[in-house]
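Trainee: Would you mind keeping the following structure in view while I ask a few things?
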Amino acid sequence: MKNTVADLAVLGGTPTFPQVLQVGTPSVGERSRLFERLNTALDNRWLTNGALVREFEERIAELAGVRHCVATCSGTMALQLLYQATGLTGEIIMPAMTYVATAHAASMLGLTPVFADIDPETGCLDPQQVETVLTPRTSGIVGVHLWGRPCAADELEKVAKEHGLTLVFDAAHALGCSHQGRRIGGFGSAEMFSFHATKVVNCFEGGAVATDDDALAGELRVLRTFGITTDGRSLGVGTNAKMTEASAAMGLTSLDAFTETMRHNRANHARYCSALRGCSGLTVVDFDEAQDPNWQYVIVKIDEAVTGIHRDLVMRILRAENTGAQRYFSPACHQLEPYRSQRPVPLPHTERLAEQVLALPTGPAVSAVDIDRICSIVRCAVSHGPELADRLGPSPTRPFAIS
Ligand SMILES: *Cc1c(COP(=O)(O)O)cnc(C)c1O
């Protein structure tokens, strides 16, 4: 435990953890089940377009409360197929407080991401801000359920309907969550999930689109498979965005553990909240039980004006202790290339939040004792903010780490 600044590894103390404790240590579930599934695929000599992917799709559709799930090789490809299949053109409006893939998937198709500011309370796209950036070229809106907190989907639906726009969602963080009694997965035309290794359910790499639209699901399946239908007809240009059987085997095994992962993460979140209570200038982002949170992330906001220490310096201090804190999401998308050069826009609420956010380790690999240790570092850093800022100086600007 870190009681005084002299204990901190950044000032010569012993690092708290011998090995790096990551924010998104993969949830692998029961290894024997994974190997059983892989053995079945190998025994059958069936490595793609198979039963494991179909089973994974069925289970995700059920979890998302929709008729269709189309699994893909990554969340980014799921987004790209979704933007394409919904016929988006010109400009699409989205928040900048998201992973850069939300925007890049649009740029890859020649669409222009237009960033609108967030509601500072939720961190999610503000429907009123959407209205301020509409142009005759706008064809759609992308909502992002940041950290698994549902965005204002109903208000966005209203705006989309009023202006004849397509509405889709990046639900990469929101597997298993709900909004006003409705499952995430069923809002707008469709919603995308990511099963990247660091997400709460993983397929090594993987993604999916969830939708209740039969025609859209059909279109996505064709786009995913070279533009060719299951009965061999060619309908146009498509790509190869299929999920492999090995990925589905991992996904199913990780899904088997999902309830237990959430239970563990919920207890972790509660532990962080109580251990950091009363830490002035620091807030732990909370979740609403009524929205079935998956507790995937523990996010703290550090207000330098109160603590006297910038988030980046707290991150540097944590990393010296082998605590792998991450800035989800900082810089925000509009501060990254090519957007910052091509279409500079001021987004005051987004920029303020991007200065403050820090994701701390959670997941099945993180124990209550780990959390107590991490919180002692955070408390020590934040309560000696000005002194540490003075001794350590400004953090070197780091390149944005891709998780
Ligand atoms: C992880 C993530 C993505 C990208 O998903 P991949 O599966 O890594 O391609 C997109 N958007 C958000 C918000 C994410 O967190």
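The values are calculated or read from the model by the stated rules, or taken from the named source; none is laboratory data. A quick note: this is a predicted structure, and the numbers were derived from the prediction, not measured. Cβ atoms come from the backbone with ideal geometry, glycine included; neighbour counts cover every protein chain shown. With ligands, DNA and RNA removed, areas are computed over all heavy atoms of the protein, side chains included. Shrake-Rupley method; radii C 1.70, N 1.55, O 1.52, S 1.80 Å.
Trainee: Which of these, Ala267, Ala103, Ala248, has the largest mean-square fluctuation under a Gaussian network model of the chain (Cα springs below 10 Å)?
Mentor: In the Gaussian network model the winner is Ala267.
Trainee: Need the full-extension length gain, Asn322 to Ala365, defined as separation in residues times 0.36 nm minus the C-alpha distance. One decimal, nm. Don't jump to the answer; show the numbers that get you there.
Mentor: Details: separation 43, 0.36 × 43 = 15.48 nm, distance 1.43 nm.
Contour length minus the Cα-Cα distance gives 14.0 nm.
Trainee: Net charge near Phe35, counting Lys/Arg +1 and Asp/Glu -1 over other residues with Cβ under 14 Å of its Cβ?
Mentor: Charge balance in the 14 Å sphere: -2.
Trainee: Another question about this same structure. What percentages, rounded to whole numbers, describe P(r) for the stretch 297-403 computed over all alpha carbon pairs with 10 Å bin width beginning at zero?
Mentor: Here the calculated profile for the stretch 297-403 is 13, 44, 32, 10, 1.
Trainee: Another question, if that's okay. Which longest run of the chain has no exposed loop site in it, a site being trypsin sites (Lys or Arg not before Pro) in a DSSP loop with at most 10 other beta carbons within 10 Å, and the site itself not part of the run?
Mentor: It runs 46-232.
Trainee: At a probe size of 1.4 Å, how large is the accessible area of Met108, to the nearest 10 Å²?
Mentor: It works out to around 140 Å².
Trainee: Using the C-alpha atoms of the stretch 31-256, what convex hull volume per residue, in cubic angstrom, is computed?
Mentor: On the way: hull volume 25.1 nm³, N = 226.
Considering the Cα atoms of the stretch 31-256, their hull volume per residue is 111 Å³.
Trainee: Another question, if that's okay. Please compute the Kirkwood hydrodynamic radius over the stretch 187-256, one decimal place, Å, based on all pairs of different Cα atoms.
Mentor: In the stretch 187-256 this quantity evaluates to 13.1 Å.
Trainee: When DSSP beta bridges are limited to those with both residues in the chain, what percentage is antiparallel, rounded to the nearest 5?
Mentor: Details: 23 of 42 bridges.
Approximately 55 percent, going by the DSSP bridge assignments.
Trainee: In a Gaussian network model over the chain where Cα atoms closer than 10 Å are linked, find which of Pro136, Pro364, Pro293 has the largest mean-square fluctuation.
Mentor: Most flexible of the set in this elastic network: Pro136.
Trainee: Turning to a different aspect of this structure: Looking at the stretch 31-256, what % of its DSSP beta bridges pair antiparallel, to the nearest 5?
Mentor: Counting only bridges with both partners in the stretch 31-256, antiparallel ones make up about 50 percent.
Trainee: To continue, here is another question. Can you list the cysteines of the chain that have no other Cys Cβ under 4.7 Å away?
Mentor: Cys69, Cys73, Cys177, Cys203, Cys273, Cys279, Cys333, Cys375, Cys380
Trainee: Roughly speaking, what is the centre-to-centre gap between the stretch 251-266 and the stretch 26-82 when only Cα atoms are used, to the nearest Å?
Mentor: 15 Å
Trainee: Using a 1.4 Å probe on the protein chains only, how many percent of the accessible area of the chain belongs to carbon and sulfur?
Mentor: 51 percent
Trainee: Provide the three semi-axes, in whole Å and in decreasing order, of the ellipsoid equivalent to the chain as defined by the square roots of 5 times the Cα gyration tensor eigenvalues.
Mentor: 36, 27, 17
Trainee: Solvent-accessible area per residue for the stretch 31-256 at a 1.4 Å probe radius, Å²?
Mentor: Solvent-accessible surface per residue comes out at 40 Å².
Trainee: Okay, moving on. Once phi is turned into ³J(HN,Hα) by the Karplus curve 6.51 cos²θ - 1.76 cosθ + 1.60 with θ = phi - 60°, what whole-Hz value does each residue of the stretch 275-288 show in order, with x for glycine and proline?
Mentor: For the stretch 275-288, the Karplus-derived couplings read 6, 9, 4, x, 7, 5, x, 10, 10, 8, 5, 9, 10, 8 Hz, x marking Gly and Pro.
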